[in-house]
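See structure below.
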Amino acid sequence: MNAAESRRTSAALWLVLLAAAGTFALTMGTRQTMGLFLGSLNTSTGLGVASISLAFAFGQLWWGLTQPFAGALADRHGAMPVLLAGVTLVALGTVITPYMGTTLGLVFAIGVLAAGGAGMAGPSVLMAATTRLVPAERRGLATGVVNAGGSFGQFVMAPLAGVLIGSLGWVSAMQALGLLVLLALPAAWVLRGGGPASAAPGAPAPVTLPAREALKKAWALPSYRLLAAGFFVCGFHVAFLATHLPGVVASCGLSTQVAAWSLAVLGLFNIAGSLAVGWAVGRWRMKSLLSLLYAVRGVAVLLFLAAPKTPTVMLLFAAVMGVTFLSTVPPTAGLVAKFFGPGNMAMLFGVMMLSHQVGGFLGAWLGGVAYARTGSYDWVWYADVVLAFGAALIHLPIDEKPLPRPAAQATT
């Protein structure tokens, strides 16, 4: 490959990464700001924090449930149709949410439409598309860039949502965020190559097994099951913070602006964490990186519980948690790709995301239940600590050795 061809290839790869990261920024950024509207939804509907938290929790679960199926469709038909449908559903669900006055209506708008669409245009499809289209030696950094896109979206859209709420009111602010998601539609065309026959230049064409066979093979691997258990814990942490951090801030007597900036700082520092961990994936054992990230979370929560609850402490806590927030994704995705190759990556990582979101359902829902019953989030924080240290331990036995795969022809 001459210099001109190398530059064209590099530019094409960065275009793929920017399209995937931008899509994740818009879908994740919108979803992660919804906690700012929880109080307004409660005031408007009178349903209570626990009932509204159930809608958010169902969204966490549904986001995960859609990803194995969306991944299987993308493995078979390519990423573009799945992404187009997903982005459209996120926008629709977000725009109609203010008109829902019942728990069932909120579950439908937030949980089924918006969260389901975000799952279809989520990390399993986006990371599988990029994994197919970049060389193996760049996959760790590539997944870090895509993951950082979601964090960048949160960093930008959380304060934007705060400004919009103050200037337009919460209804118009939520609908504006929903329409903003439609900017991701052109990215689906860029990622259309992330289909079953695609591969990075010079790399073997990925071998795609029937979905049932691939899933059976994966679930028989103890390391895959341990990885899924750890990702369950990640989901519990992430969903609890995304849904209830504004409530935690309010319970400490701090302002809505502190809540918005805490979410923004969470996203900002996860950009750094995602890029750093994506870079580290190619240099250290991925299971060790995961153990370290979960252990840091546990220590951070313990220190936060012992510290005075000032704006500075809240922002520092958000920064530390941000470094680990979704930094677990690149090594988790990297291990799935290393175990099984890119052929069934979207579906198999989608199963990981389902485990993540089962944890997310419990984190979002139990946060609301705990606060409704006790007037504080303390018991959820205690569970957070135990789960964090447990996750740090269960990654240690993982065997990172790739499984034997059928040979494939190299592409030109």
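Each residue in THR88, THR30 was given a count of other beta-carbon atoms within 10 angstrom of its own, and listing them fewest first yields THR88, THR30.
Hey, what's the Kirkwood Rh for segment 153-196 if you take every pair of different alpha carbons, in angstrom? Mean inverse Cα-Cα distance, inverted, gives 12.0 Å. Rounded to the nearest 10 degrees, the inclination of helix 170-180 to the longest alpha-carbon principal axis of the chain is 10 degrees. If you take the square roots of the eigenvalues of the alpha-carbon gyration tensor of segment 304-412 and sort them as a ≥ b ≥ c, do you get rounded (a/c under 1.5), prolate (a/b over b/c) or oblate? Taking the square roots of the gyration eigenvalues as a ≥ b ≥ c, segment 304-412 is prolate. Under a model in which nothing but the beta-carbon of Lys, Arg (+1) and Asp, Glu (-1) is charged, the chain shows a dipole of about 740 debye around its Cα centre. The label-point distance for SER255 and GLU213, in a model that sets each label 7 Å from Cα toward Cβ, rounds to 6.2 nm. Normalised by the number of residues in segment 285-405, the mean separation of alpha-carbon contacts (under 8 Å, six or more apart) gives a relative contact order of 51 percent.
Scattering from segment 322-373 was approximated by placing one identical point on each alpha carbon and applying the Debye formula without solvent; log10 I(q)/I(0) at 0.13, 0.30, 0.32 1/Å stands at -0.43, -1.09, -1.13. Once each of the trypsin sites (Lys or Arg not before Pro) sitting in a DSSP loop with at most 16 other beta-carbon atoms within 10 Å is removed, the chain keeps 1-282 as its longest stretch.
Cα convex hull, the chain: 123 Å³ per residue, rounded to a whole number. Once the Cα atoms of helix 378-394 and of the chain are each reduced to a long axis, what angle between those two axes, in degrees from 0 to 90 to the nearest 10, is obtained? The answer is roughly 20 degrees.
Since every read-out is calculated from the coordinates, none of them should be taken as a lab result. As the structure is a computational prediction, the values presented were derived from the model and not from experiment. Please note: Cβ atoms are built from the backbone with ideal geometry, for glycine as well, and neighbour counts cover all protein chains shown.
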